[in-house]
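Asks: Please read through the structure below; I'll follow up with questions.
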Amino acid sequence: METLTLIAKTIAIISACWAIISGVGAWKREFIGKRRIELAEEVLAGFFEVKDAIAVIRSPFASASEGSSRVKGEVESKEESELLDRGYIVFERYESRKEVFTKFQTMKYRFMASFGAESEDVFTETNKVLNSIFASSRQLATHYWQRQGRVPMNDEEFQRHLEQMRIHEGIFWDSFAEDDTIRTKLEVIQSNLEKVTKPCFEEPMTTYTWFTKKLGANES
């Protein structure tokens with residue numbers, strides 16, 4: 001009888017130890033899962049802020065004073081200055097919203113650590129989109145707009161000039177169309193970001209969570 005009692009006590013102790021160890025392990029996994037969800041929400045919110053900021057930067061509606069903070073060259077004509085100022089608008093708008101982009105980029109390494117190295121693409125592709133706007137701005141302001149109606153071109157040269165200029169203007173300005181170049185690229189990035197983060201929002205309830213919730217319900 002004493003032997004059976006001892007065995008029963010031993011089993012009870014082992015079971016209790018297992019429950020504690022399992023509970024700590026489950027709690028740790030849930031804590032990490034919660035941190036992943038919080039980080040995913042933070043990055044998603046940051047990306048939406050970046051999208052909004054880019055929409056403002058590319059807005060075709062501008063005041064007469066925008067772009068005027070650009071440092072003027074000594075030999076610029078009035079017409080050259082106006083075109084260069086127009087291209088500089090995106091840089092002015094970016095500077096006033098720079099914090100949004102900086103904040104988003106600072107989350108890159110934490111996000112990669114939680115969701116894998118391949119998740120870096122979300123940040124690099126977003127940065128490429130922004131840089132493409134700046135690049136098109138420079139091309140338009142220093143080359144295409146400056147040549148328009150001022151440099152003699154034959155029909156073939158003029159047609160090529162117009163085609164290239166329209167490509168850059170499609171990047172520089174928001175057309176508000178569904179097939180807008182930059183909007184389309186941002187939608188692809190958003191879709192990839194949502195695919196990366198989706199699993200952490202769909203994790204099933206763990207045994208530990210179920211047990212503690214059921215225990216709490218019984219106690220009440």
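Asks: Suppose the filter is within 30 Å of residue 108 (Cα to Cα) and either in contact with a helix residue (DSSP H, G or I) (Cβ under 8 Å, 6 or more places away or on another chain) or surrounded by fewer than 19 Cβ atoms within 10 Å (Cβ to Cβ) (or both); does residue 92 pass it?
Replies: yes
Asks: I've got another one for you. Have a look at 129, 75, 100, 71 and point out the one that is modelled with pLDDT under 95 and closer than 23 Å to residue 172 by Cβ.
Replies: 71
Asks: Further question on the same structure: Pairs only if they're at least six apart or on different chains, beta carbon under 7 angstrom, first in segment 178-190 and within 14 Å of residue 50 (Cβ to Cβ), second in a helix (DSSP H, G or I) and among the basic types (Lys, Arg); list them, first residue then second.
Replies: So the pair list comes out as 186/51.
Asks: Out of (1) of a type in the set (A, V, I, L, M); (2) free of Cβ contacts under 8 Å to residues at least 24 places away in the same chain; (3) touching a Gly at 6+ places or on another chain (Cβ under 9 Å), the odd one out for residue 141 is which?
Replies: (2)
Asks: Here's a check for you: in segment 49-81, which residue that is surrounded by 15 or more Cβ atoms within 10 Å (Cβ to Cβ) and free of Cβ contacts under 8 Å to residues at least 24 places away in the same chain is nearest to residue 112 (Cα to Cα)?
Replies: Going through the qualifying residues, I end up with 70.
Asks: Another question, if that's okay. Among the residues of segment 107-137, which ones are buried (at least 17 other Cβ atoms within 10 Å of the Cβ) and charged (D, E, K, R)?
Replies: Hit for segment 107-137 is 108, nothing else.
Asks: Please go through segment 150-207 and pick out each residue that is more than 23 Å from residue 86 (Cβ to Cβ) and in contact with a Leu (Cβ under 8 Å, 6 or more places away or on another chain).
Replies: Correct list: 193, 194, 197.
The values are calculated or read from the model by the stated rules, or taken from the named source; none is laboratory data. Quick caveat: nothing in here was measured; it's all calculated off a predicted structure. Every residue, glycine as well, gets a Cβ built from its backbone with ideal geometry; the counts of neighbours run over all protein chains shown.
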